[in-house]
Structure formats: structure tokens, C-alpha cells
Amino acid sequence: MHAAMHRFPEVRLRRVIRTLLERAGSEPAEAAQVSDHLVDANLRGHDSHGIGLIPHYVRNIANRTMRPNTGLTLVRDGGAVMQFDGGLGFGQRVGAELMERLIERARELGTVVAALRNVHHLGRIGTYAETAAAAGMVSMHFVNVTGHPPLVAPFRGSQGRFATNPICIGVPGTARHEPFLLDMATALVAVGKVRVALNKGEEMPPGTLVDSQGQPTTDPRVMFPEDEAARGAILPFGLHKGYCLLFAAELLAGVIGGGGTSNPETHRLDTICNHMLTIVIDPAALVEPEWMEREIDTLIDYVTSSPPARNGEPVLVPGEPERMALEKRRAEGIPVDPVTWDGILEAGEQVGLPRSEAAALLANA
Ligand code: NAD
């Protein structure tokens, strides 16, 4: 039997996480920004990219492989091509600053391609596409990860060679429809989802993991072994095609983005370092806005009119599951499993937020 889940209202959770991050060394504005990103990820149903990351972040701050209060640095401004360095700062802050710059540039030029290297974990990539879409911009994001051992096996392989490299594409909404948001790991699941299963004492779906011998397993523990040689791997989604996309993200983010790839040289840091190639396009530079809006509306109506293959499971538009989770969790509170919550409270203690104070912050209306 599983221990009962906690269920916390978002406002209270934001307050605890913000305070914890301030104690960990972030200035108040940064602490609020990171806390909001994490809680928003939980609200949208992505617990793998929510507050459960706090113990990792606290550990990396202590190891000095993540640097609070570090903003985005412009390395080279080539007009429609820009290069930035994240200085291992909080990805949630650096990523937000990046999008602000890119949206402004795409407004001027119609488009911009940007490389962001060496940033600590960017979190839920969809956040950045949502920011772009809210400003009327299309955006595409290719991300790779260095700093820790690989987790995802190549197609036909049995050992990890890649991270879970997310790809994200956002298209602005219309008066009638919310934005399109494709935001996915190119692995069958994000590693955080395996961690969530481990914490909840659940098995992973069959066909998701292999053990260190390349044999199929449903045991999430194979991804978190004591001994590195015993580490299993997550499989790419979509057989060879998903593997091709995973590989493409590694090349685009790691090589063209300039931060480096998942080769063994980059594992030594023992942190979560992201590199991202982002393309922002102002659609008004290519198509007439009224026409675009009409086409999007007609297309979405047509696609979603396809009769459900299974009763009660209507066709959804990418981004809709996140909005449905948002509505439900805003109303009912955010579920947090006890192991994850305890890990957060322990991380809080390490940075000078006693459990009693965290409890008081959580209790205050
Ligand atoms: P997921 O499988 O839950 O969703 C992937 C996409 O599918 C989403 O765009 C979602 O809207 C869409 N979707 C889901 N069900 C659908 C349906 N029935 N119909 C239509 N569309 C549907 O996501 P994931 O692959 O587990 O990724 C989770 C998160 O992990 C993402 O936010 C990603 O950015 C993040 N991530 C980050 C990193 C990093 O290094 N920063 C690494 C990996 C993943």
C-alpha cells in the first residue's frame, strides 16, 4: 500500500519553495522566479520537473556546480544569430531572460536563432514556448544535457549514451483556441518520471527501461544504482525514429549550440547542465495574421472532430493535457508524495529552513 499523498494549495507551496531557495542563496526575485517555474510545472502535471528537483538543486549549489544569482550572458550578437552563456546559473531564470531577448529580436528581424550553453537545468522547456506563444511568437527548442552519466540507450543499444533530450515546439493560440504546445523528452519518459515512480514505490510501464544487461525491466531502481556499472537505461520513444530525433537534439543543442555533447569527457562535473538551440519566428513576418488564425482554428476543429477510437478518450491538441491538469490542480491542490516532500524538507534543513518553519509557512493561509 502507498502512503497517503499530500495535497497542497499552490500559493502555500510557492511560499515554502521561495523561502527555501532564498535560504539556499538566491536573491528574492530569482527565488520567486524559480519557485514559480517549479510549482507551475507541478500544476501542469509534470511532477518530474516540479518541486521534487529541489534536493538536486540544493546539492548542486553545495557542490558549487550550480551558481545562484547568475544571469544570462551575451557572448556574441550576430543579429539574427545570438550566442549566450548561462554560467551554470538557475536555468529557470536564465531561460526566462533568454526568451525576453529573443522575442524582442524576432519582433525586429522576423526571426532569431540562439544558442544557450552551460546553463544549469532549464526545467520544463514548455515554459519558454508558452512565453513565446503568449507574445505571438512561434518557437522551437532543442535541448541536450551534460554533467551526469547518460541515461538513454541508442536504438539497438543496451547502455546509455544520451540524456532525455527534450524537443519543444510552440505555436500561438487564437481567439478560440489555446496555443499548440509540443513539449517532450525524446526518451520514452523523462528520468524524473522514473524518480517519481521510485518514490511512490510504483513500477514503470513495460517496454520503458532496460537493465545494465540490456534486458527489459519495470523496476525504476535500475536507473539509480549504487554502482555506476549497474545502471540501466531508458529507451528512446518511437523506435528508430525517436532515436533519430534524440540524436538530432544532441547535435543541434550540443554541437551547434556550442556547449558540448554527451561524450564521456562531459560527465565529470556531476551536475545537470543544459544546452539549448532555440529558434523564434514572428509568424506575422511570413503569413497574414487573420489568415493564420482562421487556418489554425479550422485545422484544430477538423483534427479534434475525429471520432474517438475509444469511448471517453477524445482527440486532444498538444498542450491540452497540461491545461487540463492545471485546471484540476488549481482547484484540488497539488499532490506531492511523502518521499518527495520529505526530501524537500531535508534539503530545506540543509540550507537553514527548519521543518517547523516550513510547516508554519505551509499552514499560513
Ligand atoms: P509527456 O509525455 O507528458 O507529454 C509530451 C507532449 O505530448 C506534450 O506536449 C503533451 O501536451 C502532449 N500530449 C500528451 N498526451 C497527449 C494526447 N493524448 N494528445 C495530444 N497531445 C498529448 O512529456 P514528457 O516527454 O514526459 O516530458 C515531460 C517534461 O520533461 C517536459 O516538460 C520536458 O521539457 C521536460 N524535460 C526537460 C529536460 C531538461 O533537461 N531540462 C529533459 C527531459 C525532459
For the chain, what is the relative contact order in percent, using Cα pairs closer than 8 Å and at least 6 residues apart in sequence? 23
Gap in Å between the Cα centre of the stretch 269-305 and the Cα centre of the stretch 191-259? 28
Quick check for you: with a 1.4 Å probe and neighbouring chains kept, what is the accessible area per residue of the chain, in Å²? 47
Read phi for every residue in the stretch 168-184 and hand back ³J(HN,Hα) as whole Hz from Karplus 6.51 cos²θ - 1.76 cosθ + 1.60, θ = phi - 60°, with x for Gly and Pro. 9, 9, x, 10, x, x, 10, 5, 9, 10, 6, x, 7, 9, 9, 9, 9
Sequence gap at least 6, Cα distance under 8 Å: using those rules, report the relative contact order of the stretch 286-365 to the nearest whole percent. 12
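According to the square roots a ≥ b ≥ c of the eigenvalues of the Cα gyration tensor, what is the shape class of the stretch 1-150, taking rounded for a/c under 1.5, prolate for a/b larger than b/c otherwise, and oblate for the remainder?
prolate
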The ³J(HN,Hα) series, computed from each phi in the stretch 289-295 with the Karplus coefficients 6.51, -1.76 and 1.60 at θ = phi - 60°, rounded to the nearest Hz and given as x for glycine or proline, is x, 5, 4, 4, 4, 5, 5
Tell me, what HN-Hα J-couplings in whole Hz come from the Karplus equation 6.51 cos²θ - 1.76 cosθ + 1.60 at θ = phi - 60° for each residue of the stretch 341-357, using x for Gly and Pro? 5, 5, x, 5, 5, 5, 4, x, 4, 5, 9, x, 10, x, 4, 5, 6
Give, rounded to the nearest 20 debye, the magnitude of the charge dipole that the stretch 1-137 has about its Cα centre when Lys and Arg contribute +1 at Cβ and Asp and Glu contribute -1 at Cβ. 400
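Leaving out ligands, DNA and RNA, and with a 1.4 Å probe, what % of the accessible surface on the chain is carbon or sulfur?
Working: 9530 of 17030 Å².
Exposed carbon and sulfur together represent 56 percent of the surface.
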Distant-in-sequence amide H partners of Ala135 (H built 1.01 Å from N, under 5 Å): none
Amide H of Thr271 versus every other amide H placed in the peptide plane: which residues, excluding those fewer than 5 positions away on the same chain, fall under 5 Å? His148
With a/c under 1.5 counting as rounded, go ahead and sort the chain into rounded, prolate or oblate using the C-alpha gyration tensor (a ≥ b ≥ c being the square roots of the eigenvalues; past the cut-off, prolate if a/b is larger than b/c, else oblate). rounded
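Treat every Asp and Glu Cβ in the chain as -1 and every Lys and Arg Cβ as +1, leave all other atoms uncharged, and give the resulting dipole magnitude about the Cα centre to the nearest 20 debye.
Using only the charged Cβ atoms, the result is roughly 540 debye.
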The summed charge of the Asp297 Cβ neighbourhood (under 12 Å; Lys/Arg +1, Asp/Glu -1) stands at -3
Please list, ordered by chain and number, the residues whose modelled amide H lies under 5 Å from the amide H of Ile334; skip anything fewer than 5 residues away on the same chain. Phe8, Glu10
Would you work out the charge dipole size for the stretch 283-339 about its Cα centre, treating the Cβ of every Lys and Arg as +1 and the Cβ of every Asp and Glu as -1, and quote it to the nearest 20 debye? 300
Using the charge dipole of the stretch 23-174 (Lys, Arg: +1 at Cβ; Asp, Glu: -1 at Cβ; taken about the Cα centre), state which of Phe142, Thr127, Gly160 has its Cα farthest towards the positive end. Gly160
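Based on the alpha-carbon gyration tensor of the stretch 188-235 and its eigenvalue square roots a ≥ b ≥ c, which shape applies: rounded if a/c is under 1.5, prolate if not and a/b is larger than b/c, or oblate?
oblate
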Using alpha-carbon pairs under 8 Å, 6+ residues apart, how would you state the relative contact order of the stretch 188-235 in percent? 36
List, largest first, the extents of the alpha carbons of the stretch 70-154 along their principal axes, each in whole Å. 40, 24, 24
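The values are calculated or read from the model by the stated rules, or taken from the named source; none is laboratory data. Everything numeric in this text was worked out from a predicted model, so none of it was measured. Glycine also receives a Cβ, built like all others from the backbone with ideal geometry; neighbour counts cover every protein chain displayed. Remember, those area values only see protein heavy atoms, side chains included, never the ligands or the DNA or RNA. Shrake-Rupley method; radii C 1.70, N 1.55, O 1.52, S 1.80 Å.
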